[in-house]
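Down below is the structure, laid out as structure tokens.
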Amino acid sequence: MSKFSWTSEQEAAINFSAKANLLVSAAAGSGKTAVLAERIISRAIAGDVDLSRVLVMTFTDLAAKQMKNRIEARLIEARSAADSAADIEHLDALLRIFPQTRISTIHSFCNRLLGDYLAEFKDDRGEPLLEPGYSLLDEEAAAGLLDEVLDELLNDLYSLLDDKRNGRLEPDWAEEYYRKIDVLLPVSDPLEYLADFDRLSTGYAPALSDKVFRDAIKQTLGKLRSLPDYRNLVRRSLDIFVTEIDNFPSQ
């Protein structure tokens, strides 16, 4: 038996048994992982779920590892507390099957699927879409690439600010600026964007180091990338913001 004290909503999600899809939506830190783990455990023990046919996909490797550890620990706990020989045999069987449960990140699952069917993964002309020997980008390498891109972007903007202050902006600088940052509003003055960037970067990093500024950008990007279609979300938010400004009563 779980030691958690579940809310009525959590209990409803754990015990839901209708032959229908179930969507659980809740804020970060509200216990979704614990609820999902408990749902899998309770249904497996009851014989309603075959653990070898369970698929759980997470956003991070850490979340996948925590989910695996939580489920295995609860099965071991239930095995230790079992009274009858039948219950012990049933839980032993679940523990043997559990390694077949697929709990991984989304990209790890897709990688396994591609590995199984790589020969069939072709374009309309029959050419392979992935070369044999491809590999996944791990979190450390992804963080390094993000730092490289951020370095390039910020250095370009700092150079533009320096050119603006010294009257050295090239005639076609705005076109290149919009090409690189395609969420900007084309009706606005690009010099205003530079001025806004100057104020923002100075506000975050008034001294020589801009580490706080960079960390804030990466944190914001991380939150945005957890949302579906975040680029269009940014564009829509900008449109709404501009509309509100245009409709704001003049003083």
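Read-outs throughout are calculated quantities, based only on the coordinates presented, and are distinct from any laboratory measurement. This is a predicted model, so every value here is computed, not measured. So basically every Cβ, Gly included, is an ideal-geometry build from the backbone, and we count neighbours across all protein chains shown.
Before moving on, here are some points about what is shown:
- Put simply, the C-alpha atoms of segment 124-251 give a gyration tensor, and the ellipsoid matching it has half-axes of 31, 21, 18 Å, longest first.
- Here K211 is the anchor, and the lysines within straight C-alpha reach of less than 21 Å, apart from those fewer than 8 places off in the same chain, are K223.
- Highest-first arrangement of 191-204, 232-245, where packing means the average Cβ count within 10 Å: 191-204, 232-245
- Proximal charge balance of E140 [Cβ under 12 Å; K/R count +1, D/E count -1]: -4
- Each residue of segment 136-183 gets 83 Å³ once the volume of the Cα convex hull is shared out per residue.
- Length-normalised contact order of the chain in % [C-alpha pairs under 8 Å, at least 6 apart]: 12 percent
- CD proxy at 222 nm, helix term only [per DSSP H run n ≥ 4: -39500 (n - 2.57); per residue of the chain; nearest 500]: -19500 deg cm²/dmol
- Length-normalised contact order of segment 103-251 in % [C-alpha pairs under 8 Å, at least 6 apart]: 13 percent
- Straight Cα distances below 13 angstrom link K218 to the aspartates and glutamates D147, E148, D151, D210, with same-chain residues fewer than 8 positions distant left out.
- Stokes-Einstein diffusion coefficient of segment 52-181, Kirkwood radius over Cα pairs, 37 °C, 0.692 mPa s, in µm²/s: 163 µm²/s
- Length-normalised contact order of segment 1-79 in % [C-alpha pairs under 8 Å, at least 6 apart]: 31 percent
- The residues neighbouring S104, those whose beta-carbon lies less than 11 Å from its own, together hold a net charge of +3 under the Lys/Arg +1, Asp/Glu -1 convention.
- Counting only aspartates and glutamates at least 8 places from K68 when in the same chain, those with an alpha carbon closer than 13 Å to its own are E38.
- P(r) weight above 26 Å for the chain, C-alpha pairs, percent: 62 percent
- Taking all pairs of distinct alpha-carbon atoms in segment 42-98, Kirkwood radius in angstrom: 12.1 Å
- Among the trypsin sites (Lys or Arg not before Pro) in segment 105-165, those placed in a DSSP loop whose Cβ has at most 10 other Cβ atoms within 10 Å are R125.
- For R102, nonlocal amide neighbours, meaning residues 5 or more places apart or on other chains whose placed amide H falls under 5 Å from its own, are V54, V56.
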